[in-house]
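What follows is a set of notes on a single structure, which appears directly below.
The values are calculated or read from the model by the stated rules, or taken from the named source; none is laboratory data. If you're wondering where the values come from, they're calculated on a predicted model, not measured in any experiment. Note that we place each Cβ from the backbone using ideal geometry, even for glycine, and neighbour counts take in every protein chain shown.
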């Protein structure tokens, strides 16, 4: 097998895009004049939110939109899989398409496609058409994340692109879910499912104007797409796409109850294995798997995956917990505002202070916040309401915003030192951990919560026996309000038992969520301990080297 590390096929270079007129620098921070740099930052924010809101609108508002679509919860959840199936893999292949056809053409065609697909949302009338439109929307939204990143770093001087620019872009990405929860209720109230996407259509149209007004720095075009790239990408897209479609609905069908889930996961494994075999035997692979499985990259991939797992506590678990009490996004308005405030603070702190060598300090602070926030959430009771989680969820929002930029900064630095061709491989790792990893972690911890609930329900059910005088008195008390319409004592007792059973199920769910919150706490603490041990080991090795050098000098 040929190693791709020291091989590069000759590539035909095509004419560059149209030149961009030079602009006056805006000081030590901005590469452009300050007003124009702020316009680029605005464009990046609009594009990131267009993509992020489109991805999270359905997931954040399932309970509210299923009625308008005349669909069940299960059918509505399929919309998440339909969107993510093409989206999880398309983003990194678009990097090659962008290099082949030019950045300007890529940006203009991408935003035109996004506007047209968003307008398609206005034509949906039922669940079936919505499913098709969501699949197309997942394709159209894939370029938006990279465009948002490119417009953000365009505004800054080279020294600030991977610090300030990267931090602000990742902050915009992190804001998508709480923003979707914040604005969703008002949009649905105004126009149902169509109203939900009115904001996204408006953002896409604004992005359309900004892209045509603000050009990006041109890059030379090159014929970088090979025939085997299409074969490898088709296998990767099929494998990750099937997995993305299954993950949101797997626990609703339950994994061992539907045979097609197992068949789909087997096909996923076969497709990804076939793609890996092709890539390992190529001279110019689409993704350099040998580098990705090196010690340094595996470390970064594991850190990114664990981060995505920890953020599932904020994005889904806390909101699902309050759904137990019938609280929807409208009742969580202040909580989401505080999460947004915490995320913005974390992003601005990273933008101002992130520099090479400070990654570990940011990770320590983030893990302390994430562990503390999850630990506070793990003490929930049936009296817990959103104000009781204001502090913990704000801490988790702040910790999440502090965690990702240093990891991304370090990984991009490693990719750039090895050459531009490795950036695509790193982007593949990042997207896999954040998109596919996010879907898999939500599915895993959602399933874990279900199993914990069954465990606690079984224990609580064993204590509900009428021979216990406390239980008997409680059943009578719960059935008493029904005595006006039910005169039969047996029916009154049955109604009291039914109400007590529902209360026991609620308590079992609360205990299950507390167990999952504690697992999040243990994961954060384990990662923190590992990080501290690694820092101590590095410091000890450096101390030994210094002592050895001093001894050699004195001798």
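Observations, loosely collected:
- The helices (runs of 4 or more DSSP H) located wholly in the range 378-481 that include 3 or more residues which are touching a helix residue (DSSP H, G or I) at 6+ places or on another chain (Cβ under 8 Å) and either surrounded by fewer than 16 Cβ atoms within 10 Å (Cβ to Cβ) or in the same structural domain as residue 506 (by TED's automatic domain parsing) (or both) occupy 390-418, 437-463, 469-479.
- Single unsatisfied condition, residue 69 versus (1) closer than 29 Å to residue 413 by Cα; (2) crowded, with 19+ Cβ neighbours inside 10 Å; (3) modelled with pLDDT under 80: (1)
- Filter pass, residue 135 being at negative phi, modelled with pLDDT under 80 and under 19 Å from the mean Cα position of the chain (by Cα): no
- Considering (1) buried (at least 17 other Cβ atoms within 10 Å of the Cβ); (2) out of contact with any strand residue (DSSP E or B) (no Cβ under 9 Å at 6 or more places or on another chain); (3) at pLDDT 80 or above, the lone condition that residue 94 does not fulfil carries the number (3).
- So residue 203, is it buried (at least 20 other Cβ atoms within 10 Å of the Cβ) and touching a residue at least 60 places away in the same chain (Cβ under 8 Å): yes
- All conditions in (1) out of contact with any strand residue (DSSP E or B) (no Cβ under 8 Å at 6 or more places or on another chain); (2) touching a residue at least 40 places away in the same chain (Cβ under 8 Å); (3) buried (at least 22 other Cβ atoms within 10 Å of the Cβ) hold for residue 156, with the sole exception of (1).
- Some residue of the range 62-77 being under 21 Å from the mean Cα position of the chain (by Cα), assigned by TED's automatic domain parsing to the domain that holds residue 191 and within 26 Å of residue 275 (Cα to Cα): no
Conditions tested, residue by residue: (1) modelled with pLDDT under 90; (2) surrounded by 15 or more Cβ atoms within 10 Å (Cβ to Cβ); (3) over 17 Å from the mean Cα position of the chain (by Cα).
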site	(1), (2), (3)
303	yes, yes, no
306	yes, yes, no
310	yes, yes, no
313	yes, yes, no
319	yes, yes, no
335	no, yes, yes
343	no, yes, no
348	no, yes, yes
365	no, yes, yes
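- Highlighted here are the helices (runs of 4 or more DSSP H) found entirely within the range 194-284 that include at least 3 residues which are within 28 Å of residue 115 (Cβ to Cβ) and in contact with a helix residue (DSSP H, G or I) (Cβ under 8 Å, 6 or more places away or on another chain): 198-213, 227-253.
- All conditions in (1) surrounded by fewer than 19 Cβ atoms within 10 Å (Cβ to Cβ); (2) touching a helix residue (DSSP H, G or I) at 6+ places or on another chain (Cβ under 8 Å); (3) in contact (Cβ under 8 Å) with a residue 60 or more places away in the chain hold for residue 105, with the sole exception of (2).
- Filter result for residue 403 (at pLDDT below 90 and farther than 16 Å from residue 528 by Cβ): no
- Only one entry of 198, 237, 258 meets the criterion of being within 22 Å of the chain's Cα centre (by Cα) and surrounded by fewer than 21 Cβ atoms within 10 Å (Cβ to Cβ), and that entry is 237.
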